[in-house]
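The values are calculated or read from the model by the stated rules, or taken from the named source; none is laboratory data. Keep in mind the model is a prediction, meaning the values are calculated, not measured. Cβ coordinates were reconstructed from backbone atoms using ideal geometry, including for glycine residues, and neighbour counts include every protein chain displayed.
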Amino acid sequence: MQISVLIPCYQAAAYLGEALQSVFAQSRPPDEIIVVDDGSTDDTASVAREAGRGVRYQRQEHAGIAAARNRAVRLASHELVAFLDADDVWPPSSVADRLAVLETDPGLGGASGLVEQFISPELPDEVRRTLTFVPGASPARVAGAMLLRRALFDQVGLFQARFRVGETIDWVARADAAGVRLGT
């Protein structure tokens, strides 16, 4: 099965290079990498274009994370899609681990991996105080931890562009309501 990695981003010049390096370091490399820039005004475009290794860069007018995810899904040319937000990184076996789950149960619509959250020291204190994370790695149905069958977006629909945050929560709820099974 071929895999498209989809990286939506906005003002991500400081993080995108590290995210891409984590994709390049995968033990099971993806077959396609698409970066959709949601109208950044920083050096995000330069970072994406200079990454090499066949990274496809697409820019759109600023419309929000859901719109960037949707554009990436539309551009994806492979059966499986894996999202990676530009400020996240994957461990080297991330793609291989999630692919193994899908291969063991063809009835699954997708597979999620473990997520270890961290709070960036760059966040202002007033924002940091509002965040609560469970220490250690835990299973999560967040975009950056899911490998999904591309056909699910025909069944469930795309992300709701009206959401500025929480678009993945909404999409997973709709997938659950449609009877989609996601493995871990």
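Looking at segment 20-34, is at least one residue out of contact with any Lys or Arg (no Cβ under 9 Å at 6 or more places or on another chain), surrounded by 15 or more Cβ atoms within 10 Å (Cβ to Cβ) and outside any loop (DSSP other than H, G, I, E, B)? Checked against the condition, which is being out of contact with any Lys or Arg (no Cβ under 9 Å at 6 or more places or on another chain), surrounded by 15 or more Cβ atoms within 10 Å (Cβ to Cβ) and outside any loop (DSSP other than H, G, I, E, B), segment 20-34 yields at least one hit. Taking segment 7-34 as the range and being hydrophobic (A, V, I, L, M, F, W, C) and either free of Cβ contacts under 8 Å to residues at least 40 places away in the same chain or over 21 Å from residue 70 (Cβ atoms) (or both) as the test, the residues that pass are 13, 14, 20, 24, 25, 33.
Looking at residue 105, is it in contact with a strand residue (DSSP E or B) (Cβ under 7 Å, 6 or more places away or on another chain) and closer than 13 Å to residue 16 by Cβ?
Details: in contact with a strand residue (DSSP E or B) (Cβ under 7 Å, 6 or more places away or on another chain): yes; closer than 13 Å to residue 16 by Cβ: no.
Judged against the criteria, residue 105 is not a match.
Take segment 154-184 and flag every residue that is modelled with pLDDT under 95 and touching an Asp or Glu at 6+ places or on another chain (Cβ under 7 Å). 163, 183 - these are the residues of segment 154-184 that are modelled with pLDDT under 95 and touching an Asp or Glu at 6+ places or on another chain (Cβ under 7 Å). In this entry, residue 37 passes the filter for residues that are among the acidic types (Asp, Glu), over 17 Å from residue 78 (Cα atoms) and either at pLDDT below 95 or surrounded by 18 or more Cβ atoms within 10 Å (Cβ to Cβ) (or both). Does residue 49 fit the bill of being part of a helix (DSSP H, G or I) and more than 13 Å from the chain's Cα centre (by Cα)? Yes; evaluated as a whole, the condition is true for this residue. If only residues of segment 52-77 that are touching a residue at least 60 places away in the same chain (Cβ under 8 Å), in a loop (DSSP other than H, G, I, E, B) and surrounded by 15 or more Cβ atoms within 10 Å (Cβ to Cβ) are counted, the one that is nearest to the chain's Cα centre (by Cα) is 76. Against the conditions (1) farther than 10 Å from residue 145 by Cα; (2) surrounded by 15 or more Cβ atoms within 10 Å (Cβ to Cβ); (3) touching a Gly at 6+ places or on another chain (Cβ under 8 Å), residue 105 satisfies every one except (2). If only residues of segment 151-179 that are assigned to a helix (DSSP H, G or I) and among the aromatic types (Phe, Trp, Tyr) are counted, the one that is nearest to residue 108 (Cα to Cα) is 153. Selection within segment 94-145: residues that are out of contact with any Asp or Glu (no Cβ under 9 Å at 6 or more places or on another chain), part of a strand (DSSP E or B) and modelled with pLDDT of 70 or more. The member of this set that is farthest from residue 27 (Cα to Cα) is 110.
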